[in-house]
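Bear in mind that the values in this text are calculations on the coordinates, not laboratory data. Note that the coordinates shown come from a computational prediction; the quantities given were computed from them, not determined experimentally. All Cβ positions, even for glycine, are placed from backbone atoms using ideal geometry, and neighbour counts span all protein chains on display.
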Amino acid sequence: MVALNLGAGMLRSFKKRVEVKLSDLKGFFYDHEAVVKTLSGGRDLLIYEYYENPQPEIEGNLNFGVTIINPGKVGIEYYMTRGHYHAKQHAAEIYVGLKGEGMVIMQTKGGQLAHMPIRRNDAIYIPAFWAHRTVNVSSTELAFLYAYPSGAGHDYDVIKHKGFAKLVVERQGQPKVIANPRFIKG
Ligand code: PAN
Ligand code: ZN
């Protein structure tokens, strides 16, 4: 049994910690030049990390953990996760906001779009067949709990090559959801 320390926005213990750096996110942020420029200066940055207690991929099991996204921007786009479809697309997921303020953007291959805020105590149900990405729009860490079927798998390639239909950017100091001019449908 692993407990969650809601106050601290963290698991009490975990088996796996994954760091995702700017160099892992090439092709995901809109402003490629800003990414290349930062990396060519010899600087890599920790964009987010997650702490997890993975379970054997047996039907009925759940993987759960906490993702923490640092505050910051690449160009005008806020730090965010890669985003993915589940490889087994019929797998849904639950997110619960623990700390900070963010936005979850979602889409289906059929062209449906949605986005919603995630803050402490917000629970978000991500239905099967919906790709999902989380964006930190605050100036502090964004932390959220997630739980999904352990065999779901993650398909990052579609997102890397086609993008999300919407981007979350800063405009006049405020987060704004705008259309992604480079989005490829499907
Ligand atoms: C979450 C995400 C986590 C990191 O656990 O995997 O927030 O995001 P990326 O996987 O898009 O890099 C989840 O949705 N799991 O299915
Ligand atoms: Zn997921």
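Structure data summary
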read-out	value
Dipole of the chain [Lys/Arg +1, Asp/Glu -1 at C-beta], most positive-end residue of I118, A91, P54	I118
Unsatisfied cross-links (Cα-Cα over 29 Å) in the set K15/K88; K15/K162; K88/K176; K37/K88; K15/K176	K15/K162; K88/K176; K37/K88; K15/K176
Label-point gap, in nm, between V18 and Q172 - each point 7 angstrom along Cα→Cβ	3.9
Table column - 3J(HN,Hα) (Hz), segment 143-156, Karplus curve with 6.51, -1.76, 1.60, x for Gly and Pro	10, 8, 8, 10, 8, 8, x, 5, x, 5, x, 10, 10, 8
Relative contact order of the chain, pairs being alpha-carbon contacts under 8 Å that are 6 or more residues apart, as %	23
Near-label residues of segment 156-170 by backbone N, under 18 Å of a point 7 Å along Cα→Cβ of E33	170
Segment 101-116 - phi-based ³J(HN,Hα) in whole Hz, Karplus 6.51/-1.76/1.60, Gly and Pro as x	9, x, 9, 9, 10, 9, 7, 10, 5, x, x, 7, 10, 7, 8, 8
Rounded to the nearest 20 debye, dipole of the chain from Cβ charges on Lys, Arg, Asp, Glu	300
Amide N of segment 36-56 lying under 12 Å from the label point, which is placed 7 angstrom from the Cα of N70 along Cα→Cβ	43-49
Given charges at beta-carbon only (K, R positive; D, E negative), |dipole| of segment 1-86 in Debye	240
Label point distance in nm, L113-A8, each placed 7 Å from Cα along Cα→Cβ	4.0
Under the Karplus curve 6.51 cos²θ - 1.76 cosθ + 1.60, θ = phi - 60°, whole-Hz ³J(HN,Hα) for segment 171-186, x wherever Gly or Pro sits	10, 6, x, 10, x, 9, 9, 10, 6, 8, x, 9, 4, 10, 4, x
